[in-house]
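Below is one structure; the comments refer to it alone.
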Protein chains: 2
Amino acid sequence: MEPHHPDRSEIELSAVLHALSDPHRLEIVRRLDQDSEPRACGTFGFDLSKSTMTHHFRTLREAGVIRQEREGTTKLTSLRREDLDARFPGLLDAVLSSEPVAV
Amino acid sequence: MEPHHPDRSEIELSAVLHALSDPHRLEIVRRLDQDSEPRACGTFGFDLSKSTMTHHFRTLREAGVIRQEREGTTKLTSLRREDLDARFPGLLDAVLSSEPVAV
DNA sequence: CCATAAGTTCGATGGATGTCGTACAATCAA
DNA sequence: TTGATTGTACGACATCCATCGAACTTATGG
């Protein structure tokens, strides 16, 4: 079964803020924004287990921050920038324009 | 002893996002922004116990979102808008411009 | 068909979090 | 001084959360 993505109108501010309040997840979003190309989950090189990464990606997806699509054996992840900009104008830019933190 | 307020440069994005990710705390910040006048802690009328309110105000204060100053028997709370705007430009406006949610 | 690679699922675990009630401290008014 | 008002401190408790390892699924490539 395909994973669930909330509709744009269903994206909740508190869920987005909570998703972005974890340093690992914020760094994921930061890199997705820089690349502007869908990216495989395993290409982030964090010192975390696979199951923990799955947990973080699920948190971001269920909050409506990212989109995940299966592509063969991998899973491409992309930022839902248009949806986020439409729903919370300026939020993503404000968050991403702050200085990165080491993770 | 006076409660601790982080210096502007010490305010961390993850702490701010976490503080704002709770609906009650977000509503507190929303009202502080509308009033633009320092406000007593007890004037928010939430259906929460006093100790829970203390907890939320402490979370906001330690994240650097609000300032608390004793004034007689009450405690005036104000938004640290200048500090937040300087440290994370546009963040507070983006958060506050989204539609309020019932609490 | 088999092995490998990429993620998910499923407990488990230690720590944080939101909530409460009761007791306490500080200030002001009578 | 006594009482009322405001808020804090301290446990307690149920839940959530970030993390892990091990077992599983799904697709790809010999």
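Laboratory data are not the source of any read-out in this text; all were calculated from the coordinates shown. Bear in mind the structure is a predicted one, so any value in this text is a computation, not a measurement. Cβ coordinates were reconstructed from backbone atoms using ideal geometry, including for glycine residues, and neighbour counts include every protein chain displayed.
General observations
- Qualifying residue in segment B:6-21 (condition: more than 14 Å from chain A (Cβ to nearest Cβ), of a type in the set (D, E, K, R) and more than 28 Å from A:R25 (Cβ to Cβ)): no
- Scanning segment B:22-40 for residues that are within 16 Å of DNA strand D (Cβ to nearest atom), within 9 Å of the chain's Cα centre (by Cα) and more than 11 Å from every other protein chain (Cβ to nearest Cβ) turns up B:I28, B:L32.
- Pair list, Cβ < 9 Å and 6+ apart or interchain, from segment A:63-83 residues that are over 16 Å from A:I28 (Cα atoms) and β-branched (V, I, T) to residues that are within 16 Å of DNA strand D (Cβ to nearest atom) and assigned to a strand (DSSP E or B): A:T74/A:A40
- Residues that are over 16 Å from A:A15 (Cα atoms) and in contact (Cβ under 8 Å) with a residue 24 or more places away in the chain, drawn from segment B:92-103: B:L92
- Taking helices (runs of 4 or more DSSP H) as the structural unit, those lying wholly within chain A and holding at least 3 residues that are touching a strand residue (DSSP E or B) at 6+ places or on another chain (Cβ under 7 Å) and surrounded by 14 or more Cβ atoms within 10 Å (Cβ to Cβ) correspond to A:23-35, A:50-63.
- Inclusion of B:L84 among residues that are more than 10 Å from DNA strand C (Cβ to nearest atom) and within 14 Å of chain A (Cβ to nearest Cβ) is warranted.
- Answer from B:S49, B:S98 - the residue that is within 14 Å of chain A (Cβ to nearest Cβ) and of a type outside the set (V, I, T): B:S98
- Hits in segment B:1-39 (condition: more than 13 Å from DNA strand C (Cβ to nearest atom) and aliphatic (A, V, I, L, M)): B:I11, B:L13, B:V29, B:L32
- Hits in segment B:55-72 (condition: within 8 Å of DNA strand C (Cβ to nearest atom), more than 14 Å from chain A (Cβ to nearest Cβ) and either within 20 Å of A:S14 (Cβ to Cβ) or β-branched (V, I, T) (or both)): B:H55
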